[in-house]
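The structure under discussion appears below in the form of structure tokens.
No value in this document is a laboratory result; all are computed from the given coordinates. Source: prediction; values computed, not measured. Positions of Cβ are backbone-derived with ideal geometry, glycine not excepted, and every protein chain shown enters the neighbour counts.
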Amino acid sequence: MAAAWQDSIRTALIARDVRERAFEPVIRDYSRLAHHARQLHDRHLALIDAATSGRRDGASLDSPGDKAGPNEPANAAIRAALISRLESELATARSELSDAYKLQSQHSQRLLALSEQLHASDERARADREQLSELKTEVERLREGAKWHKEVVLEKEKQLVILQDELHSIELELSQLELQNDNLKTDNASLLQRWIAAKTEEARMMNEANAFLEEAKRIRAEIGLGKRKDPKRRGSTGREQVDDEDDDDDDDDDQVGRALEKSIADIREGLKRNAASSPRDKGKGRAV
């Protein structure tokens with residue numbers, strides 16, 4: 001910025017010097033012409049004074065009381081020489097005046113050309129100033145844009161750092177989750193083996209219970225069949241005793257059957273509880 005205003009001041013001073021020095025030749029010529037005209041004017045006055053004094057002297061010589069007749073040709077020669085000199089000087093002055101008019105015309109034309117050049121220079125300077133102002137505005141706009149882009153880049157860098165931290169934390173969580181998943185797979189495998197073993201044991205116990213029940217039914221059926229055969233071998237005399245024994249045997253069979261059924265029901269209830277607890281344990285293992 002400092003270089004810019006220094007350049008503008010230097011440019012303005014140079015333009016001022018050019019404007020002030022544009023008329024120096026004209027002023028110098030006019031000064032020389034005025035000095036020469038002053039010299040001519042002084043010479044002309046001196047000649048007029050000399051001619052007036054000569055005429056005064058001639059008149060005094062031509063007066064009636066004067067008898068200096070022999071000096072009159074000399075005075076006439078002086079006047080003739082003075083007149084010829086004045087005429088030559090007048091011609092020279094007219095020639096110089098004509099040259100001065102020509103020079104003045106040339107200087108006027110040159111002054112007009114310089115004025116036009118000055119006007120054109122002013123127009124160019126004005127256009128340059130406008131262009132410079134536009135360039136300054138464009139530079140300021142570009143600086144603002146660069147500043148904004150720099151802030152955006154800094155903000156993006158901050159966001160990138162935050163995202164990298166989040167990525168590291170997520171990778172750490174992912175590694176932990178993978179480790180936990182591996183542990184869960186191991187736990188689920190062990191739970192599955194335990195569940196399979198429990199189901200196998202449950203099936204074995206069910207098979208044993210069914211075999212026990214079948215065996216009990218078979219024994220009961222054999223006992224009942226034997227009791228039905230005994231009254232035929234005995235006589236009619238012992239019918240009442242047999243009936244009483246049959247009733248007692250029936251009661252015993254009923255008690256044994258109820259006990260067997262209760263045992264079987266207990267076994268089944270235990271198997272159901274084991275079957276219900278095994279899925280819950282497996283679900284807990286998956287949820288960990």
Review point. Which value, to two decimals, describes the C-alpha radius of gyration of segment 90-211 once divided by 2.2 N^0.38 Å?
Key: 3.69
Review point. Which of the peptides 176-188, 150-162 is most tightly packed, and how do the rest follow, judged by the mean count of other Cβ atoms within 10 Å per residue?
Key: 176-188, 150-162
Revision key, fill the gap. Residue-ordered couplings for segment 87-99, obtained by feeding phi - 60° into the Karplus form 6.51 cos²θ - 1.76 cosθ + 1.60 and rounding to whole Hz (Gly and Pro as x), are 5, 5, 5, 5, 5, 5, 5, 5, 5, 5, 5, 4, 4
Point to revise | For Trp195, Trp5, order by how many other beta-carbon atoms lie within 10 Å, fewest first | key: Trp5, Trp195
